[in-house]
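Let me begin by presenting the structure, written as structure tokens, before commenting on it.
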Amino acid sequence: MTQQLEDALRTAFRAKAAQIPSVPPPLRLDALPDHGRPDPRRTPWGSPGRRRLLAGLGAAAAVTAVAIGTVVASSSAPHRPGQGTRPAGTLPAYYVALTNHGPRASFHTIAVVRSSRTGAVLASLQAPAPYRDFVGVSGAADDRTFVLEASNWQRNSLNPHVRFYLLRITPGATQPAGRASLRGLDLRLPSPYNAIRAMALSPDGHSLAVVAYPVAAVHDPGTPDPTRIIVYDLATGSSRTWTDQDCRDNCSPAGNLAGNFTMDTIGWTADGGHLGFALLTGASGQVQFRLLNVRADGGSVLAGSQPVPLRAAPGVLGGVNPRAAIWGASLLTPAGNAVIIDASNAQSNAQPWPPQTLLQYSARTGALQAVLGQRPTTPGNAAIEVLWSSPDGSTLLVTGLHGKDSAGVLHRGRYTAIPWSGQLLSAAW
Amino acid sequence: MAWLPGRPAAQPADTQTAAAAVTALYEQTAVSLIRLAYVILSDRQAAEDVVQDAFCNLYRRFDRLTDSETLARYVRASVINGCRSALRRRAVRSRKVLYELPGASPEAAVLGREERADLIRAVEQLPQRQREALVLRFYLDLPDDEIAGLMHIRPVTVRSTIHRALDALGQTMKEGS
């Protein structure tokens, strides 16, 4: 009986232990447990002053932890948006993934906050009623501040409603409910604009740039003034708008040309002074990459921006100018030094189709700097997307480069796959 | 630069060395330690907190602990002490589980779910010291002298504690069947 009981105990203990996942939560040397303790002075941490000191040590510790990681993640220490304390080339410590949730027939898209290092879930958020899904997300430079776009869009709906929410995460909070806070933002889209093609939160987390369009314009190309860039001040809700009304070539800021979900295909420079965006010219079918001076008061998107003169390179995109290629994603690096585009040669109808190529151009000269990757273009495959760039573009987080439902970190030509699934629609770091 | 009372100011290099070593050890051992704490506490969030605290403690005392074996021993003892404190406080509130539970393990398949749950419930009814001794013996498979060291009792007391715990468990299970 005793031997039986001992064996049963071993089995029961191991079975119970197996309920713990094999990936631990992130180590929080900086996040000291203030909550849920009767008297903080009795914690092993001693006085609050000591806790403050240790928070500083924890910051250094986390930075070091980053350096030894395979897929690097930045410090989990608290810092302010725009401070730029993250070591160059390291992924922010946390990201927000838009994830399918629920039965296949009626799933919603929720926002899931995860650790970049371990994938551990910090919080899951559903779009507040009456909105159905989170369909867009963008992050500030501090890896704690995000803006989510909620929508009640449904198939064939011409009149969806959109609302933006500010998401702040506090990874060290002991209570799960304290790890993420969601606050509705009082940002209004001017009528008839009711959909977003691209969005980007400024590095300091103070401004939100969106490429907005009226859904009706998709169904009725005759709708005037189809697309505009709006930059909101999150604190006041005020906005400045750049329109394309003086564009004789029926052009429009393009935003995300490839996917249905709103992404950071417009990008801020780290100083918050410029916004990089793709401009689709309807008549000629060409694309320009332009830099918009965001400190101006708004007005004409053409007058307010300068084109980056992307140049053709031998052997790349069939030798055609990238302006004449089909673009998927495009992104200005935060340092403003480079433009990353995913493009394929539109001049060919040959089978197999020309490959999608991820390219890096100098934002100053327009010269090709690097061919970052390539994949076959096959029907049904999603385009390559660039979800995050280090300041100088030397590290990118890309999806789709190695097939459908793939994602990885691309660092100086080396690709490191990260866990990804078809349930993840988009993500922001 | 600030410093801990009674401790020389931390140099950046030392700080980074300590952080790297503690983080590396965390990556190697955190899962097994969280599982150990979970078996003792039956509360996953509390188990994770205990392990976090243990590693923070380790980081604070890093300069007094030299080799990796010492570090591992220290952090395991710290986890067990932390579990003991948590059980004493038992102010651990029920918290929302953030991680998805994995599927049933092979062990779980061998032992019936209900029988296993009954046994775990019976263990949870035991006095704290008996429960701790059972976990150290039958989960970690530690010898008497090591259990004695961790529990600050004599080896002979370990044996008697485990014996009494098994008797009590056997009785409980017999009554329940």
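Please treat every number below as a calculation from the coordinates, not as lab data. Just so you know, these numbers come straight off a predicted model, no measurement behind them. So basically every Cβ, Gly included, is an ideal-geometry build from the backbone, and we count neighbours across all protein chains shown.
Overview of results
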| quantity | calculated |
| --- | --- |
| Calculated FRET value between A:ASN337 and B:LEU140, using beta carbons and R₀ = 45 Å, to 0.05 | 0.25 |
| A:ALA312 paired with A:ASN100, simple spin-label distance in nm, labels 7 Å along Cα-to-beta-carbon | 4.1 nm |
| Computed lengthening from A:GLU6 to A:SER191, 0.36 nm per intervening residue step minus Cα-Cα distance | 59.4 nm |
| Förster radius 41 Å - calculated FRET efficiency between A:ALA177 and B:ALA24 (Cβ-Cβ, nearest 0.05) | 0.80 |
| Per-residue average of Cβ from other chains inside 10 Å of B:115-126 | 3 |
| Sites A:GLN423 and A:ALA129, calculated FRET efficiency, Cβ-Cβ separation with R0 25 Å, nearest 0.05 | 0.65 |
| Computed label-point distance, nm, for sites A:THR170 and A:THR416 using a 7 Å Cα→Cβ extension | 3.1 nm |
| A:SER22 paired with A:ASP297, simple spin-label distance in nm, labels 7 Å along Cα-to-beta-carbon | 6.2 nm |
| Placed amide H near A:GLN369: partners under 5 Å, 5+ positions off or other chain | A:GLN360, A:TYR361, A:SER362 |
